[in-house]
Amino acid sequence: MIAAVAAAGFLAIAGFTLYRAGMNQGKKMTGPMSGNTATSPASPSITDAPGKKVLYWHDPMVPGQKFDKPGKSPFMDMQLVPVYADAAGDDGKVNISPRVQQNLGIRTAEATKGTLTSTVAAVGSVAYNERDVALVQARSNGFVERLYIRAPLDPVRKGQALADLYVPEWVAAQEEYLSVKHMQGNDLGGLVDGARQRMRLAGMTDDQIRSVESSGKVQARLTVFAPIGGVVSELAIREGMTVMAGAPMFKINGVGTIWVNADVPENMSAQVRPGNSVEARAPALQGTVFKGKVSAILPDVSPATRTLKARVELTNPGGQLVPGMFATINFSSATRKDVLLIPTEAVIQTGTRSVVMVAQGDGKFSPVDVEIGAETNGQTEIRKGLNEGEKVVASGQFLIDSEASLTGTATRMDGPAMSAAVAVPGPTHRGEGKVESITADEITISHGPIPTLQWGPMTMGFKLPPTGLPKNIAVGANVKFEIHSTKDGAFEIATIKPADAAMTMPAKPAGAAQ
């Protein structure tokens with residue numbers, strides 16, 4: 001019994017000793033960020049898992065900065081993450097495992113040939129047809145004795161009495177005419193015609209003149225009738241008023257046809273032409289469809305909404321549409337066949353380009369620039385960039401783009417547009433070290449502490465300056481250098497010289513930290 005207890009105690013002590021040894025060994029392996037100054041450059045032969053080749057380590061929050069060894073991130077309180085050769089993507093492709101695809105909710109759709117019926121819908125407001133309007137004016141000076149239409153917007157029928165006017169000038173002209181007509185003698189035809197002409201000049205119509213001739217009585221009062229049916233949109237007289245010749249009394253707008261001034265987006269205006277047939281629906285008249293056509297495209301673009309006015313003329317049975325109502329207009333256009341179509345949600349608009357994420361198979365995705373055409377019913381025409389049968393990502397594109405950023409993929413959906421942007425460099429930081437390797441776009445330096453960044457000694461890669469490296473910088477050289485952060489969070493060489501040369505601090509951009 002005592003021997004068994006002693007053996008158990010010995011095994012416990014041995015296990016604890018091995019555990020401490022393993023912990024110490026693990027701490028030594030993650031030392032580059034805490035004082036380890038190993039200078040060997042990144043090597044593709046380094047492996048972090050069986051069968052997987054590690055290209056480099058990085059901080060997922062600052063994916064642009066690469067490290068050649070594992071350790072603690074200088075940016076965040078976390079360990080660096082390895083990037084494997086089979087996950088970094090090739091030729092701008094993003095590799096995503098089926099499990100991650102399921103978690104991201106990625107859905108693909110196939111580019112297919114189909115029929116595209118381009119439909120343009122716009123919203124407009126109803127207005128009177130200004131081509132169907134009648135203006136009633138006073139033909140002579142007179143007085144308003146009786147008014148039959150007493151309020152604006154009252155409906156009227158064609159031929160309906162509007163007002164009775166007393167016209168003193170007519171009395172004198174008619175009495176002269178009747179006196180000449182009753183005169184006895186020859187050669188009175190000229191006098192009669194002259195008297196008749198004076199009645200016309202006083203404002204009397206031929207019908208009124210014939211009424212005087214047939215009755216032989218003076219017609220001192222004039223009844224004004226509606227020349228068309230519709231709505232009295234303007235009423236300018238009241239009973240007892242004096243009216244002057246030429247003064248407007250009534251304005252009547254017809255309601256048999258009506259206008260809708262529809263706001264058509266500027267980029268769709270080419271699909272709308274005068275004469276196009278349209279269908280209109282009003283929220284106030286559910287289930288009723290009004291037919292009409294485009295009367296004109298007004299040559300005026302609203303600077304606020306970037307829309308053109310399309311004047312649509314609609315038949316208005318029963319006068320159901322009234323000015324001020326809103327109406328939705330559907331413009332019909334030609335139907336095109338054998339058009340390459342993809343879901344509209346698959347197209348990503350960056351502002352300068354249209355991009356889709358194409359599924360390459362085996363979990364690979366790549367961004368492709370496309371030229372888009374018309375859009376209708378959730379489908380977008382593709383003119384260039386895709387072939388029939390290719391699969392595009394219809395949902396989860398931005399999550400794929402985020403995954404591409406985390407895995408360090410060079411080609412992003414905002415690729416050329418972002419690379420063309422000129423970022424203002426951040427403040428510069430000085431350091432000294434030894435050049436370990438130089439590639440086409442990166443220099444790896446084993447450097448000492450950089451106090452302004454609170455970095456300890458480490459080996460890491462920096463982007464080359466736009467002007468390239470000086471000729472006297474080579475692998476193995478001891479150098480002094482200055483770095484600044486770029487827009488993607490990486491650090492770029494601002495100046496670099498051999499350690500025995502004097503450094504000159506470059507001019508800092510406005511607003512940079514001192």
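Worth a mention:
- You can think of it this way: the chain between Asn267 and Arg221 has 10.6 nm of extra reach, that is 0.36 nm per residue less the Cα-Cα gap.
- Close amide H partners of Ser395, meaning residues 5 or more places away or on another chain with modelled amide H under 5 Å apart, are Arg107.
- Pairs over the 28 Å Cα-Cα cut-off, from the set Lys113/Lys291; Lys72/Lys434; Lys72/Lys471; Lys72/Lys364; Lys391/Lys487: Lys113/Lys291; Lys72/Lys471; Lys72/Lys364; Lys391/Lys487.
- Relative contact order [Cα under 8 Å, 6+ residues apart], the stretch 173-293, whole percent: 15
- Placing dummy labels 7 Å off each Cα toward the beta-carbon, the span from Thr117 to Glu432 is 7.9 nm.
- Surface accessible to a 1.4 Å probe, Val355 within the full protein complex, Å²: 0
- Nearby lysines by direct alpha-carbon distance to Lys251 (threshold 22 angstrom, same-chain neighbours under 8 apart not counted): Lys158
- Of the peptides 306-313, 432-439, 292-299, the ranking by mean beta-carbon count within 10 Å, highest at the top, reads 306-313, 432-439, 292-299.
- Scaled against 2.2 N^0.38 Å for its residue count N, the alpha carbon radius of gyration of the stretch 240-307 is 1.68.
- Residue order for Met460, Met268, Met244 - accessible surface, 1.4 angstrom probe, largest first: Met244, Met268, Met460
- Solvent exposure ordering (accessible area, 1.4 Å, most first) of Phe143, Phe67: Phe143, Phe67
- Heavy atoms of Thr117 accessible to a 1.4 Å probe, total area in Å² rounded to 10: 60
The values are calculated or read from the model by the stated rules, or taken from the named source; none is laboratory data. Only a predicted model underlies this, so the values are computations on that prediction, with no experimental measurement involved. When we count neighbours, we look across all protein chains shown, and the Cβ atoms used for this are built from the backbone with ideal geometry, even at glycine. Surface accessibility is based on the protein's heavy atoms, side chains included, excluding ligands, DNA and RNA. Shrake-Rupley method; radii C 1.70, N 1.55, O 1.52, S 1.80 Å.
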